[in-house]
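Structure record follows, encoded as structure tokens.
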Amino acid sequence: MLEEKEINAFKAGNERIVNCFYHCYYQQLYIFSIKRLKNSHDAEEIAYAALGYAWIDRAKIKNSDHLKNYLYRVARQRIYDYIIERDKIQKVPLYDMVDPATRNIDYMLQRLDAPCQYRALQLAIERLPTQQKKVIRLLLAENTISLIAKKMNTSKKTVFNQKYHAITVLNRELSKIV
């Protein structure tokens, strides 16, 4: 932990104190990060980022406790952001990264490359609620949302929402087998 005179030198932007600052906090931040991320490269990056942010905001630092709290708060937020981003990349199927407004059944069918997967799609469609099942079947018959709304005697918005929810469920089911 830095002493009061070192904190004042740090706040003043004294570059000689940077080495002391680095040695006091880098290892602690690295251990804090690696325990949560299990990846040394990302842990190093987060430790360096926290130190960098503290250097940029050094004028706001009040004392050594405030500096330590600031460093851990930055590290914790960066870890949280990293985990959220990593989970999006790992867990979200490619289909979910497509804008929901442009989703269509053809894209889902392109992902199916074997008869058993097509059969799995048919079984998943059968398990959908009645309205969603009708919408998907009409989409498979190459109907537009407007035409489906007329056939089902409902609004375009309702058809779009049913399509969105049905495709989300189907995508979840297909991601288990694809």
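Each reported figure results from applying straightforward, stated rules to the coordinates on display, with no laboratory input. Everything quoted here is computed from the prediction, not taken from an experiment. We place every Cβ from the backbone using ideal geometry, glycine too, and count neighbours over all the protein chains shown.
Rounded to the nearest whole Hz, the Karplus-based 3J(HN,Hα) values (6.51 cos²θ - 1.76 cosθ + 1.60, θ = phi - 60°) of region 12-22 follow the sequence 6, x, 5, 6, 5, 7, 4, 4, 5, 4, 4, with x at glycine and proline. For region 152-173, the residues whose amide N sits under 17 Å from a probe point set 7 Å from the Cα of Q131 along the beta carbon direction are 152-170. Computed from the C-beta positions of N39 and L123 and an R0 of 35 Å, the FRET efficiency is 0.35 to the nearest 0.05.
Taking 0.36 nm per residue of sequence separation and removing the Cα-Cα distance, the L140/R172 pair yields an extension gain of 9.7 nm. What the Cβ-Cβ distance of N19 and N63 gives, at R0 = 22 Å and to the nearest 0.05, is a FRET efficiency of 0.60.
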